[in-house]
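Take a look at the structure below.
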Amino acid sequence: MVDRRIALTACLAMALGLTVAHSQSGAPAQPDYPIKPVNFTAVKLTDDFWAPRIEVNRTTSIPSAFEQCELTGRVKLFERAAAVLRGDSNVDKRPPGYPFDETDVYKVIEGAAYSLSVTADPKLEAYVDGLIEKIAAAQEPDGYLYTTRTIDPKNPHRWAGAERWVLERDDSHELYNLGHLFEAAVAHHLATGKRTLLNVAVKAADLLVRTFGPGKRTTWPGHQITEMALVKLYRVTGNVSYLDLAKFLLDERGPGPLPEGERANPRGLNYNQAQLKVIEQSEPVGHAVRAVYMYSGMADVAAVTGDQAIRAAGKRIWDYLVTSKLYITGGIGASGSGEAFGQPYELPNMTAYNETCASVGMDFWNHRLFLLEGDGKYIDVMERTLFNGLLSGVSLDGKTFFYPNPLESNGQHARQEWFGVACCPGNITRFMPSVPGYLYATRGDSVYVNLFAKGTAQIELPGGQIAIAQDTRYPWDGAVKLTVTPQRARRFAINLRIPGWARNQPVPSDLYHFADEIDAAPPSLRVNGTSVAMTIDKGYVTIDRAWSAGDVIALDLPMPVRRIGSNDKVVANANRVALQRGPIVYAAEWVDNPNGKVRNIVLPDGNSLSTEYRKDLLNGVQVITGRATGLAFDAKGAITRRDQPFMAIPYATWANRGRGQMAVWLARVDAAARPTPFPTVVTTANIVASPLPNGRGKNARNIIDGEEPASSADSSAYFDWWPVQGSKTEWVELTFAAPSTVSTSEVYWFDDTGRGGVRVPASWRLLYKSGDRWLPVETTSTFDTARNAWNVVTFKPVTTPALRIEVVMQDKFSAGLQEWKVR
Ligand SMILES: [Zn+2]
């Protein structure tokens, strides 16, 4: 196994988009990225941060994701398609939940393959072999592989279209599915040396080459990934037609008439980045995952073909993104509607979408831009996403996953084991094993050290192999000791990344800045005890000298706790501050702060903050502590201020201890905080809403959190029945701590006109519980449905254990409540 691993290292790196294709003589056969990463199989991490996470991914996340693929019928899709191809007439023909369900199997195979490249596991390898047999059997004779059409060509999933490819630009996902197949096939081939899945991929890719291209059929993928996957397949097979097709699919994208019978996505051209030709684009728009997958493919194609127009477009889009559409956690995609980027500077916190897959795609893309441009600013963004917005996607035990990764919560958010659309767990499983591959890279006879983690690396340079051992407690401590051991003493350069956060630049734009006036010690560097000048170029200090075995580089990156402020244009963060230490962004969570509240906290600028390592907490984390002010309303509605302890934990580790409040952006002044309401008969009650389909969890407690809504559209803390819609009757029920005498109800409706499908109800009524019966209250009030106002109903006093609101939705719309007060 060991020998094969070493032999596979070079080609694994190449096919993963991570290095240059070489001909037999060692000269580049085709141009490719000028910088080559050192593949993860050559980097062994022994740290306390990543190594345990990668092991949990191997032992928990991958097996449980495979189990979910079995339980949810995803594996069965291949078996059913194969049965139809065999002529079996007794096949379950029901369409899958989504036409892309089969990609989850491909993604977890890819993750398993990466894991197998590092850790032998005969049982896992045999299981994957069995899956591949099923996949191969589901492929049609000409290479087509899309189970829903094969299972029932006359009645495939309604997104599939009546014939092959006709709804590709809409949402058939035929090319998307094959893209994930190619990615899995390349990974599996390089991990195991087997061609079983690669043969399936090549057969499918050859069908695409026969079908699409100049003078043939035209299309572009409604959901991107095929582009970068085809480049990987080209690298492994040397078949240039795959590369040509990748470029064709990018070149064809854009507005323009569609062939008869085809349909664009009804969400509009922005949705899948077809608003302009790819080379004319500057602004990241639409579905964030599709976008970053496309931008990754653009970088690949630019690297391999040398196309300067595609390269320039990618750099423009990146500049736009980091200037106005990047969350401080490195997440992207502000809006749940269309899983999309918002407008510039539209970065709401509680409703931030920040899909886990989009963070995975951000790291694919930023890494590629570094390989293309050699600039550390791309690694700065990659590191921010990696340690924060990506890692938050999976729980510490590897069993549950976030789809959206918000920056604020009122307790409505929790990770889940699996999803109807299960893209995120699969993406985590395939990303985690490859993390060590992001640490080092080479360019000619020089090395880049990009990320810091304890462990060792074997690095091939043209002048001979070198070993680098890192000793560090990063990300908890910025002291990094690198021991360099070249095979023979000789001269070469080591480029050491000095992160932006250590140079007073949290992001490479003016979107965020350090808002405190801490006189942080500058980074320092010594080689064998002698200081080296910190001459930084594109984020790197270059140490070009004669190295011999045992030379030691000591890099010190001081890590004071820093306060971060936002550009004034980010309205959501006005008068708020975020905390960062080293690469880690912090969050205040309910369990660590008084009364289980954090949205009522004010952290004045002058309050000093300390930090300590807590071995017992969240598998070992550095926490930030200090004093803050807690705001609350008293019985008369006046605000009280209380000095209280404050604690923040790394954002990525929140929601591992149950549901409750969380905030990344903390109030600096009273006006930005949400004072805790005075306990009333309502805030101490229990509230339950009529259930949503598929057990979707929404937090009905938002209705009685005592917070005054800013408007009916206020997205900070509400409850709605979406996606239930259309003249349905639903209810919410308030059960008092003890039977109470009440005579007034005030309701503030939720309504997201212009943004979503929730409206004030068509009608409603108020009931009280009497024995086992629900009776209408006796009133002369009208049951109003005004927006942006309290709708008051006074009624004959009742002493009752519970009240219920019954709403009838408007035709074609859902309904929801901001707040409900009862006296
Ligand atoms: Zn996802």
Calculated FRET value between residue 126 and residue 762, using beta carbons and R₀ = 56 Å, to 0.05:
0.45
Obtain the nm distance between the two label points defined at residue 619 and residue 746 by a simple spin-label model: each point lies 7 Å from its Cα along the Cα-to-C-beta direction.
4.6
Per residue, how much accessible area does the chain show when a 1.4 Å probe rolls over the protein heavy atoms, in square angstrom?
36
With 21 Å as the limit, write out which pairs from 203/247; 44/123; 277/538; 698/796 have Cα-Cα distances beyond it, or answer none.
44/123; 277/538; 698/796
Kindly express, to the nearest 10 degrees and within the range 0 to 90, the angle between helix 174-192's C-alpha long axis and the longest C-alpha principal axis of the chain.
50
Over region 270-345, with every protein chain in place, what whole percent of the accessible area is carbon and sulfur at 1.4 Å, could you tell me?
50
Extended-chain gain in nm, criterion 0.36 nm per residue less alpha-carbon gap, residue 524 and residue 46
169.6 nm
Taking only C-alpha pairs under 8 Å that are 6+ residues apart, what is the relative contact order of the chain in percent?
10
Virtual spin-label span in nm between residue 513 and residue 60, 7 Å along Cα→Cβ
4.2
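For an R0 of 25 angstrom, estimate the FRET efficiency from the Cβ-Cβ distance between residue 260 and residue 142 and round to the nearest 0.05.
Numbers: r = 23 Å, r/R0 = 0.94.
The formula returns an efficiency of 0.60 here.
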Taking Cα atoms, the helix 74-85 axis meets the longest principal axis of the chain at an angle in degrees (rounded to 10) of 70
Starting from 0.36 nm per residue, how many nanometres of slack lie between residue 787 and residue 708 once their C-alpha separation is accounted for?
27.0 nm
Could you tell me how many degrees, from 0 to 90 and to the nearest 10, lie between the Cα long axis of helix 196-211 and the main elongation axis, the longest principal axis, of the Cα atoms of the chain?
80
Of the heavy-atom accessible surface of region 595-669 (probe 1.4 angstrom), what whole percent is carbon and sulfur?
48
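How much length would be gained if the chain were fully extended between residue 644 and residue 162, taking 0.36 nm per residue of separation minus their Cα-Cα distance, in nm to one decimal? Mind dumping the intermediate values first?
Values: separation 482, 0.36 × 482 = 173.52 nm, distance 6.38 nm.
Extra length available between residue 644 and residue 162 comes to 167.1 nm.
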Using a basic spin-label model with each label point 7 Å from the Cα along Cα→Cβ, how many nm lie between residue 343 and residue 778?
5.2
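Where both partners of a DSSP beta bridge lie in the chain, what percent of those bridges are antiparallel, to the nearest 5?
Percentage antiparallel, nearest 5: 95.
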Going 7 Å from the Cα of residue 569 in the Cα-to-Cβ direction, what parts of region 347-378 have a backbone nitrogen less than 15 Å from that spot?
347-348
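The values are calculated or read from the model by the stated rules, or taken from the named source; none is laboratory data. Predicted model only: the values in this text are computed from it and were never measured. For neighbour counting, all protein chains shown are included, and Cβ atoms are generated from backbone atoms with ideal geometry for every residue, glycine included. Heavy atoms of the whole protein, side chains included, go into the accessibility calculation; ligands, DNA and RNA do not. Shrake-Rupley method; radii C 1.70, N 1.55, O 1.52, S 1.80 Å.
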